[in-house]
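A quick write-up on the structure given underneath.
The values are calculated or read from the model by the stated rules, or taken from the named source; none is laboratory data. Predicted, not measured: the structure shown is a model, and the values here were computed from it. Backbone-built Cβ (ideal geometry, glycine too); neighbour counts: all protein chains shown. Ligands, DNA and RNA are excluded from the accessible area calculation, which covers all protein heavy atoms including side chains. Shrake-Rupley method; radii C 1.70, N 1.55, O 1.52, S 1.80 Å.
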Amino acid sequence: MIRYSISDAVAPSDCMIIPVFAGKRFEKQVSAFDAAYGGVLSRMREQKDFVGKRGQMSMQYPADHTSARVLFVGLGEEKAFSIRTWKQAMGAATIAAQSKKCATLQYLLTAKVAKKLGAMQAARSLVLALEVAQYSFDEHKSEKSRVTPVQTVHMLIGEGTATKEIKKGIAEGTVLAESVNFTRHLGNTNPSVMTPTYLANEVKAMARGNKQLTVKVLSRPDMEKMGMGGLLGVAQGSVEEPKFIIIEYKGSTTQKNPTVLVGKGITFDSGGLSLKPGNYMMDMKFDMLGAATVIGILKAAAGLTLKKHIIGLVPSCENMPSGSSYRPDDILVAMNGKSILVENTDAEGRLILADALSYATMKLEPKEVIDFATLTGACMVALGNERSGLFGTDDKLAAKLTESGDTVGEQLWRLPIGEEYSEAMKSEIADIKNLGGVGHPRYGGASTAAAFLQFFTKNEEGKTPYPWAHIDLSCSYYGGKGKPYIRGGANGFGVETVIEYLRK
Ligand code: BES
Ligand code: ZN
Ligand code: ZN
């Protein structure tokens, strides 16, 4: 846990972080530091070595100062300033300071930034950025080569900045960051450890001691009783037991219909008998990030004591090839009775989600349903890994989610569902099939996957009885190396957006 302090007076630290806008004039507070440091900032600007461009950084070692180091970090042009710029700059500065083994950090939260973002939001997003940046999945490295954890943070605010708001921002930011990093940690944990059973135990441990959170874990016999043929089918090839994890948060006694969040929990996706080629199997430990996102959202909702009723559904299993694996040409029957022809065992996410969405539709009377899944490579091909795909039947819900994403600096982009995609999933020998494309078996892969899910949101009258959104998590991890502001691995995408959405 990082300890925080705030005041309008400088405190001793290992590194003082000063954000600088590009432009002809420095902000008043920044100018004051420039003077105190003997004009180093002005000289750098004269030489055009550091002009406050986005992503620029310069570390200085001024004599006779309470901070051994000063790190100037560029925020770019004022006109283009956004929450994303702010978070990325503060995250990058944090990682740069850690690389010099700094554990006590000080951040200047300037009057201009506080004004542009709002004091609360500026402080909250600073906390998020720095805590997310300082996290490192290095528990398997020898101790001496691990990253220096940040221990204390001093937030230096301008005179007259509302301290109360800053404090609230820090408190909320801390809860959110802890949840985001929890999601990331679940995702990063290696797949032989992170089994469905382990995941279920992590959820129980997370909820322990919180009276508003209850966890129920269904195992194979329960699934059999309910007819969860999708989840059972995919799980069939693995020695690991499948789990269906139900997490309920009751932060409201008046909200009868819950917001239902569904997350794909494939703890490892080898492709099954339709085995993935070697390079494509790398990173498939992240195939439970939909689940981890849902778990992180529930942790955050409970931590912030949101006055909401939320139910998280996590179907979880492994997708493995073996003598007992489900096979291409098999026909599975999902919980809602729809039969599915398996054309490719690597399109497994939709099969386990079919049961979870059926469960939501048949048992929960949801106010709304949002599902999260690392569902298709096609979504990544379409959007890259800086945005996630958003699908759904309800324009209002989709617009609100997009807007909530913009508020916290996470990007969603709407992609279509529609008749042609649904038609492409129809089969001659079963109700639907798990592979289909428009014009070619793989064309429109992200949309046909979404259209497949849509079948399981429908009730007996063929209607989706709630607003539904599906998020294909093309932005959920950075394979290999990370970015200047976040280390590689899972990035926790979605937690902040949904919390923002829920509180609106
Ligand atoms: N888990 C993958 C999707 C994925 C791939 C997520 C790469 C992140 C990075 C999913 O289960 C899958 O294998 N999908 C197939 C679907 C195809 C067989 C229709 C895909 O995307 O190739
Ligand atoms: Zn797959
Ligand atoms: Zn998968």
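Key figures
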{"quantity": "Partner lysines for LYS48 [C-alpha distance under 22 Å; skip if fewer than 8 residues away on the same chain]", "calculated": "LYS24, LYS28, LYS79"}
{"quantity": "Net length gained if the chain between GLU224 and SER322 were fully extended (0.36 nm per residue, minus Cα distance)", "calculated": "33.2 nm"}
{"quantity": "Loop-located chymotrypsin sites (Phe, Trp or Tyr not before Pro) in segment 272-351, at most 15 other Cβ atoms within 10 Å (DSSP)", "calculated": "none"}
{"quantity": "Peptide ranges 487-493, 246-252, 143-149 listed from the most packed, as the mean C-beta count within 10 angstrom indicates", "calculated": "487-493, 246-252, 143-149"}
{"quantity": "Overall form of segment 154-206 per C-alpha gyration tensor (a/c, 1.5; a/b vs b/c)", "calculated": "prolate"}
{"quantity": "Carbon plus sulfur fraction of accessible area for the chain, probe 1.4 Å, in percent", "calculated": "51"}
{"quantity": "Set of aspartates and glutamates with alpha-carbon distance to LYS225 below 14 Å, sequence-local pairs under 8 removed", "calculated": "ASP355"}
{"quantity": "Cross-link pairs LYS164/LYS400; LYS211/LYS363; LYS144/LYS483; LYS211/LYS308; LYS87/LYS308 - those with Cα-Cα distance over 21 Å", "calculated": "LYS164/LYS400; LYS211/LYS363; LYS144/LYS483; LYS87/LYS308"}
{"quantity": "Solvent-accessible area per residue for segment 167-253 (1.4 angstrom probe, square angstrom)", "calculated": "42"}
{"quantity": "Value of relative contact order over the chain, rounded to a whole percent, pairs C-alpha under 8 Å and six or more apart", "calculated": "15"}
{"quantity": "Cα shape, segment 71-201, gyration tensor, a/c 1.5 rule", "calculated": "prolate"}
{"quantity": "Residues listed by number, segment 451-492, amide nitrogen under 20 Å from GLU419 label point at 7 Å toward C-beta", "calculated": "451-456, 458, 462-464"}
{"quantity": "Chain lengthening between LYS307 and LYS504 when straightened (0.36 nm per residue, less Cα-Cα)", "calculated": "69.8 nm"}
{"quantity": "Inverse of mean 1/r across different Cα pairs in the chain, Kirkwood, Å", "calculated": "23.7"}
{"quantity": "Alpha carbon centroid spacing (whole Å) that separates segment 159-178 from segment 228-300", "calculated": "33"}
{"quantity": "Segment 365-504, dipole about Cα centre (Lys/Arg Cβ +1, Asp/Glu Cβ -1), debye to the nearest 20", "calculated": "540"}
{"quantity": "Accessible area per residue, Å², segment 1-95 with all protein chains present, probe 1.4 Å", "calculated": "52"}
{"quantity": "Packing rank of 445-455, 471-481, where each peptide gets the mean count of other beta carbons within 10 Å, highest leading", "calculated": "445-455, 471-481"}
{"quantity": "Net lengthening on full extension, ARG25/LYS363 (0.36 nm per residue, minus Cα-Cα)", "calculated": "115.6 nm"}
